[in-house]
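One structure is given below, encoded as structure tokens.
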Amino acid sequence: MAILVKKFGGSSVATPEKMHGIVDRVLREKKPDDRIVIVVSAMGDSTDDLLDLAAKVTDSMPKRELDMLLSTGEQVSIALLAAAFCSKGQPAVSFTGGQAGIHTSDIHSKATILDVDAKRVIKALDEGKIAIVAGFQGITDEGDITTLGRGGSDTTAVAVAAGIKADFCEIYTDVDGVYTSDPRIVPNAQKMNEITFAEMLELARLGAGVMQPRAVEYGEHNSVAIHVRSTFKDDPGTIIREEYTVQEKNFVIRGVAHDTNVAKIAVKGVPDQPGVAYKIFSALANANVDVDMIIQSVRDIDGSNDILFTVAKTDLVEATSVVESLKDEMGGFNYDVEINVAKVSIVGAGMLGSPGIAAGMFGALAKAGINIAAISTSEISVSCLIKESDVKNAVNAIHEHFFPTT
Ligand code: ADP
Ligand code: ASP
Ligand code: MG
């Protein structure tokens, strides 16, 4: 007997035919006493369609109402998929995030899962049903619906897998695994057989959209092995786990990621004195804005500083209103906002003991004639801020340097 959580993303459940395809595959592969939970996303692009709809009503949709709206996408999928299973003689029952016991913080649009009380899901499994859980959503202590950020169904799946002590969490998607870079951008990207939680987390954090970073984090903390694989092919995909079981060829750099959900804010001429950075970044934190790259440069002439930082484009409205509100309080400063920027990154635990890796990345960008606006590093990654229009060239140039085709 296996306990399995299978998550199907938006493109995998985009049409009724695709839903029936999932039903056929699950029933074909299911052993009689397997206990199966399926987590689903909204059909196709319906989350984007709901966002467009909201934008037609107002340009400042209250986040609570946006969650109320967006969560309906997943609710459509669970009901239809449960019905599709029932139509083929397999009992199945659908659960919203709240019904599945997914308790979250109250930060609308990017809530975090606090705990999963899976008793209703377990009861359904005990009754021989397949449990179908809505991804991307949860419920607060107050009973309000929350969403977990774009791509959040991955996190639902891993959290439910931890909650029911599943043997595996399978993430079925439109690619057949995790690649060395986004295969839609880099034709030469190679599929990996396995990758560690640490490296996958860093790739995901830096924009590799195949997994939501929180899902990887949750998997690591709760030791849930994750298998990323294709909905449409039977081949094995990529296992995300604690340690490698087999040494693959390239261990210095594992992947190249890019992120276009980036905006740059440059605050100019703030006083060069203690407490200034604290004031700016604590105000941003209080507004739940995650700040990514930070660069401070001292102007020798007038003893003031320029502070440049990046935030997600999706947080730009909040970030600029924080900066605007600090302007008077801090004695006036100028700031400008740039949205046509993007971040490219290399990731690999092996870079720790390999000097010259960052230089290799900068060299590849220089050779492609791409200018770097800012650089940041972690123990296992190097990121460069560049112009958004350079992204495709940059990712391919860097990928070719670290994973040469010849
Ligand atoms: P789903 O709707 O199934 O959750 P997503 O669109 O969220 O699917 O994620 C799958 C997509 O992630 C792929 O189509 C691919 O373009 C993109 N992607 C980005 N980086 C990578 C990578 N390193 N490996 C595989 N896919 C990636
Ligand atoms: N439907 C949500 C989104 O499009 C969640 C998900 O697909 O994981 O982001
Ligand atoms: Mg996804």
Practice item. Inspect all residues belonging to the range 220-238 and state whether any of them is outside any loop (DSSP other than H, G, I, E, B), open to solvent by less than 30 Å² (accessible area, probe 1.4 Å) and closer than 22 Å to GLY138 by Cβ. Key: yes
Exercise for review: Please list, ordered by first then second residue, the pairs with beta carbon atoms under 8 Å, 6 or more apart or interchain, first in the range 207-229 and within 23 Å of VAL382 (Cβ to Cβ) and more than 16 Å from ligand 2 (Cβ to nearest atom), second in a helix (DSSP H, G or I) and modelled with pLDDT of 95 or more.
Suggested key: GLU220/PHE197; GLU220/ALA198; GLU220/LEU201
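Looking at this structure, is VAL175 at pLDDT 95 or above, within 16 Å of ligand 2 (Cβ to nearest atom), more than 14 Å from the chain's Cα centre (by Cα) and surrounded by fewer than 24 Cβ atoms within 10 Å (Cβ to Cβ)?
Details: at pLDDT 95 or above: yes; within 16 Å of ligand 2 (Cβ to nearest atom): yes; more than 14 Å from the chain's Cα centre (by Cα): yes; surrounded by fewer than 24 Cβ atoms within 10 Å (Cβ to Cβ): yes.
For VAL175, the condition - at pLDDT 95 or above, within 16 Å of ligand 2 (Cβ to nearest atom), more than 14 Å from the chain's Cα centre (by Cα) and surrounded by fewer than 24 Cβ atoms within 10 Å (Cβ to Cβ) - is met.
Per-residue answers, yes or no, for (1) more than 16 Å from ligand 3 (Cβ to nearest atom); (2) over 21 Å from LYS392 (Cβ atoms):
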position: GLN190; (1), (2): yes, no
position: PHE197; (1), (2): yes, yes
position: MET200; (1), (2): no, yes
position: ALA208; (1), (2): no, no
position: MET211; (1), (2): no, yes
Revision key, fill the gap. Out of (1) away from ligand 2 (no atom under 16 Å from the Cβ); (2) closer than 30 Å to GLY332 by Cα; (3) in contact with a helix residue (DSSP H, G or I) (Cβ under 7 Å, 6 or more places away or on another chain), the one ASN261 does not meet is (1)
**Study point:** Only listed residue being touching a Gly at 6+ places or on another chain (Cβ under 9 Å) and among the charged types (D, E, K, R), chosen from ASP328, ASP390, ASP336
**Key:** ASP390
Practice item. Kindly list, by first and then second residue, each pair from a residue in the range 101-114 that is more than 9 Å from GLY138 (Cα to Cα) to a residue that is assigned to a strand (DSSP E or B) and open to solvent by 30 Å² or more (accessible area, probe 1.4 Å), limited to pairs with Cβ atoms under 6 Å and residues at least 6 apart or on different chains. Key: LEU114/HIS103
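When residues of the range 355-382 are filtered for being touching a helix residue (DSSP H, G or I) at 6+ places or on another chain (Cβ under 9 Å) and over 15 Å from ASN340 (Cα atoms), how many remain?
Kept after step one, since they are touching a helix residue (DSSP H, G or I) at 6+ places or on another chain (Cβ under 9 Å), are these residues of the range 355-382: 357-358, 360-361, 363-365, 367-372, 375, 377-382.
So of that shortlist, the ones also over 15 Å from ASN340 (Cα atoms) come out as 357-358, 360-361, 363-365, 367-369, 375, 377-382.
Residues that pass the stated criteria total 17.
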Review point. Considering the range 243-299 alone, what residues qualify as being assigned to a strand (DSSP E or B) and without any contact (Cβ under 8 Å) to a residue 12 or more places away in the chain?
Key: SER297
Review point. Applying the selection to the range 239-263, what residues are farther than 20 Å from LEU201 by Cβ and open to solvent by less than 40 Å² (accessible area, probe 1.4 Å)?
Key: ALA263
Exercise for review: Kindly indicate whether ILE195 is more than 16 Å from ligand 2 (Cβ to nearest atom), part of a strand (DSSP E or B), within 20 Å of the chain's Cα centre (by Cα) and within 21 Å of TYR244 (Cα to Cα).
Suggested key: yes
Point to revise | Criterion violated by SER230 - all others in (1) hydroxyl-bearing (Ser, Thr, Tyr); (2) more than 25 Å from ASN396 (Cβ to Cβ); (3) in contact with a Phe, Trp or Tyr (Cβ under 8 Å, 6 or more places away or on another chain) satisfied | key: (2)
Check your understanding: Would a scan of the range 181-188 turn up a residue that is within 16 Å of ligand 2 (Cβ to nearest atom) and open to solvent by 10 Å² or more (accessible area, probe 1.4 Å)?
Key -> no
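Within the range 265-285, which residues are within 14 Å of VAL298 (Cβ to Cβ), open to solvent by 30 Å² or more (accessible area, probe 1.4 Å) and at pLDDT 90 or above?
LYS268, ALA277
Any idea how many residues of the range 1-33 are in a helix (DSSP H, G or I), within 14 Å of ligand 3 (Cβ to nearest atom) and over 15 Å from ILE132 (Cα atoms)? Reasoning before the result, please.
Narrowing the range 1-33 to residues in a helix (DSSP H, G or I): 10-13, 16-29.
Imposing the further condition that a residue be within 14 Å of ligand 3 (Cβ to nearest atom) reduces the set to 10-13.
Checking the rest, the ones that are also over 15 Å from ILE132 (Cα atoms) come to 11.
Result for the range 1-33: 1.
Can you name every residue in the range 152-163 that is assigned to a loop (DSSP other than H, G, I, E, B) and away from ligand 3 (no atom under 11 Å from the Cβ)? If you could, list the steps in order and put the result at the bottom.
Quick first cut of the range 152-163, residues assigned to a loop (DSSP other than H, G, I, E, B) only: 152.
Answer for the range 152-163, where residues must be assigned to a loop (DSSP other than H, G, I, E, B) and away from ligand 3 (no atom under 11 Å from the Cβ): there is none.
Here is a yes/no grid of residues against (1) within 21 Å of ALA100 (Cα to Cα); (2) in contact with a Ser or Thr (Cβ under 8 Å, 6 or more places away or on another chain):
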site: SER41; (1), (2): yes, yes
site: ASP45; (1), (2): no, no
site: LEU50; (1), (2): no, yes
site: LEU53; (1), (2): no, no
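Which of the residues that make up the range 164-179 are outside any loop (DSSP other than H, G, I, E, B) and more than 16 Å from ligand 3 (Cβ to nearest atom)?
Filtering the range 164-179 for residues outside any loop (DSSP other than H, G, I, E, B) gives 168-173, 179.
If the condition is that a residue be outside any loop (DSSP other than H, G, I, E, B) and more than 16 Å from ligand 3 (Cβ to nearest atom), then PHE168 is the only one that fits.
The values are calculated or read from the model by the stated rules, or taken from the named source; none is laboratory data. Keep in mind it's a predicted model, so treat the numbers as computed, not measured. Cβ: placed from backbone, ideal geometry, glycine included. Neighbour counts: every protein chain shown. Note: accessible area is taken over every heavy atom of the protein model, side chains too, but ligands, DNA and RNA are not part of it. Shrake-Rupley method; radii C 1.70, N 1.55, O 1.52, S 1.80 Å.
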